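Novice: Okay, here's the structure, questions in a sec.
None of the figures in this text is laboratory data; all of them are computed from the coordinates on show. Please read these numbers as outputs of a predicted model, since none were measured by experiment. Glycine also receives a Cβ, built like all others from the backbone with ideal geometry; neighbour counts cover every protein chain displayed.
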Amino acid sequence: MIRSPGAAATVWRLPLLDAPDDGYLLAQLEPAERRRATQYRNDSARRRFLVCRAALRRLLAERLGTDAAVLRLIADDHGKPHLADSPAGLSFNVSHTDGLALIALGDGRPLGVDVEVFRPARALDGIARRCFSAQEFAHWQALPPERRTAAFYTLWTRKEAFAKAVGKGIAIGLERIVFDADGALSAVPAECGRTADWRVLDLAAGAGYSAALAMGGPPGAVEMRDWAGFRH
């Protein structure tokens, strides 16, 4: 089993640098996915897609007790992948950044995961002004400069994980997803239901990264595991 009994979700940490060569990964994909891989002009982006999709197929196949080759993955209007014949009691989401990917598998509830590598040289002020609520922005600006980068990415990954869980992406308006100074979810867009029906958790992704998982429904345990490799 890849999910402990009673766990609402399992999040897998996947180092992108340790993956097999492209030829091996391409062989794990279906024809439509191979065609998509050839459309990437950026080598790093293509590599991230190959590793994440091959690993996702392996994990889904293990969870469902089937062959990865029979799984058909499709994307919705916002680019979120789904199984074409999605069984009850299964949900999943994927996020990747430089050097690291996270794959979350859940018990069927809405699920979103996000991971970001810190980019200290990036101009964060303008992004924060657009994507944070007024209260969040004021709190962030009041922090000592040396703490702002980590604080920005912590808040950003929480917001993006929630946006992915509801299936809308950042088009939902990240400034409408609000966290208080202690990191608790305090407001969500009206179309997303009650704030109390959502959980957003920070994840341990490693030094230089921030990550978060958002889940709908009642509280549930979350476990993290390290990917054992494609040939285990």
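Novice: Once you've got the GNM for the chain with C-alpha springs shorter than 10 Å, pick whichever of Ala128, Ala104, Ala151 has the biggest mean-square fluctuation.
Specialist: Ala151
Novice: Simple spin-label model, 7 Å along Cα-to-Cβ: His78 to Tyr40 in nm?
Specialist: 2.3
Novice: A further question follows. For Leu90, enumerate residues with amide H under 5 Å from its amide H, sequence gap 5+ or separate chain, H modeled in the peptide plane.
Specialist: Those lying under 5 Å, H to H, from Leu90 are Gly108.
Novice: Counting every Cα pair in the chain, what percent are over 21 Å apart?
Specialist: The calculated P(r) of the chain puts 57 percent of pairs beyond 21 Å.
Novice: Using alpha-carbon pairs under 8 Å, 6+ residues apart, how would you state the relative contact order of the chain in percent?
Specialist: Relative contact order, the chain: 24 percent.
Novice: Just tell me which aspartates and glutamates come within less than 18 Å, Cα to Cα, of Lys80; anything on the same chain fewer than 8 places away is out.
Specialist: In chain and number order, the partners are Glu30, Glu33, Asp107, Asp114, Glu116, Glu160.
Novice: Please compute the alpha carbon radius of gyration of the stretch 83-200, then divide it by the globular-protein estimate 2.2 N^0.38 Å. Two decimals is fine. Write out the running numbers ahead of the final one.
Specialist: Details: Rg = 15.0 Å, N = 118, 2.2 N^0.38 = 13.5 Å.
Normalised by 2.2 N^0.38 Å, the Cα Rg of the stretch 83-200 equals 1.12.
Novice: Another question, then. Ignoring trypsin sites (Lys or Arg not before Pro) that are buried or in helix or strand per DSSP, and keeping those with at most 15 other beta carbon atoms within 10 Å, what is the longest stretch of the chain between them? Before the final figure, lay out the partial values.
Specialist: Working: sites that count: Arg41, Arg72, Arg122, Arg194, Arg231.
Looking at the chain, 123-193 is the longest stretch - no exposed trypsin sites (Lys or Arg not before Pro) with at most 15 other Cβ atoms within 10 Å.
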